[in-house]
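Below is one structure, written out as structure tokens; comments come after it.
Here, each number is a calculation from the coordinates, and none is a lab measurement. It should be emphasised that the depicted structure is a prediction, and the values quoted were computed from it without experimental measurement. FYI the Cβ positions are ideal-geometry reconstructions off the backbone, even for glycines, and counts take in every protein chain you see.
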Amino acid sequence: MWRSGTAAATGVGTGAAAHVMLGGSLPGVLGFLPALVLTTLLGAMLLRKRSTVGIAATALSGQWMFHELAVLGSPYAAQGHTHHSEAVWEPTILSELPMTLGHLVAAVVTGVAIVLAERIRRLSLTLTTLMTHAVHRLVSLPTQPAVFLPEAPTIHTLFVPDRAREIYRLTGHTLRAPPLSAH
């Protein structure tokens with residue numbers, strides 16, 4: 001169900017993008033939701049096995065269902081893009097051709113993107129499994145007991161030179177005679 005939902009959401013999403021880029025109007029929730037639900041159900045039937053054809057069919061059906069069901073939530077019909085009856089459909093067949101080709105191209109791109117995403121997902125799962133086994137093998141290696149070194153002896157010094165006294169002695173202040181008033 002996860003695969004069919006992902007394929008359906010990607011197909012309907014790219015269908016919406018292609019629909020708007022090619023001159024169609026952006027529908028409301030009623031344009032997205034039926035196409036998403038129907039494509040997810042169709043994808044659940046088509047994607048029982050890992051098949052590229054099933055993914056492509058789900059993406060293409062998402063494109064088509066969005067295109068056909070978008071009028072349910074559209075605020076207005078785009079110019080040259082009406083869905084009323086067969087009489088209206090015939091004069092606008094030439095304006096529908098770019099929209100149809102755009103949806104087909106978007107469906108192919110969507111199918112390729114879904115297949116690549118699924119391969120990347122499988123590769124990441126394989127890599128995760130390999131890394132888990134490597135870490136488990138590394139952690140479960142037998143280790144030697146830690147060697148405890150005796151405590152380092154503390155060194156006690158009897159004389160620490162006083163820097164202030166050394167500086168005072170080197171400046172020559174101790175070589176001066178007492179003041180004259182002291183005599």
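For residue 109 and residue 129, FRET efficiency with R0 = 22 Å and r from the beta-carbon atoms, rounded to 0.05?
0.10
What residues have an amide H closer than 5 Å to that of residue 24, excluding those fewer than 5 places away on the same chain, when H is modeled at 1.01 Å from N in the peptide plane?
Hits under the 5 Å cutoff: none.
Quick one: order 136, 19 by neighbouring beta-carbon count within 10 Å, fewest to most.
Least to most surrounded, the residues fall as 136, 19.
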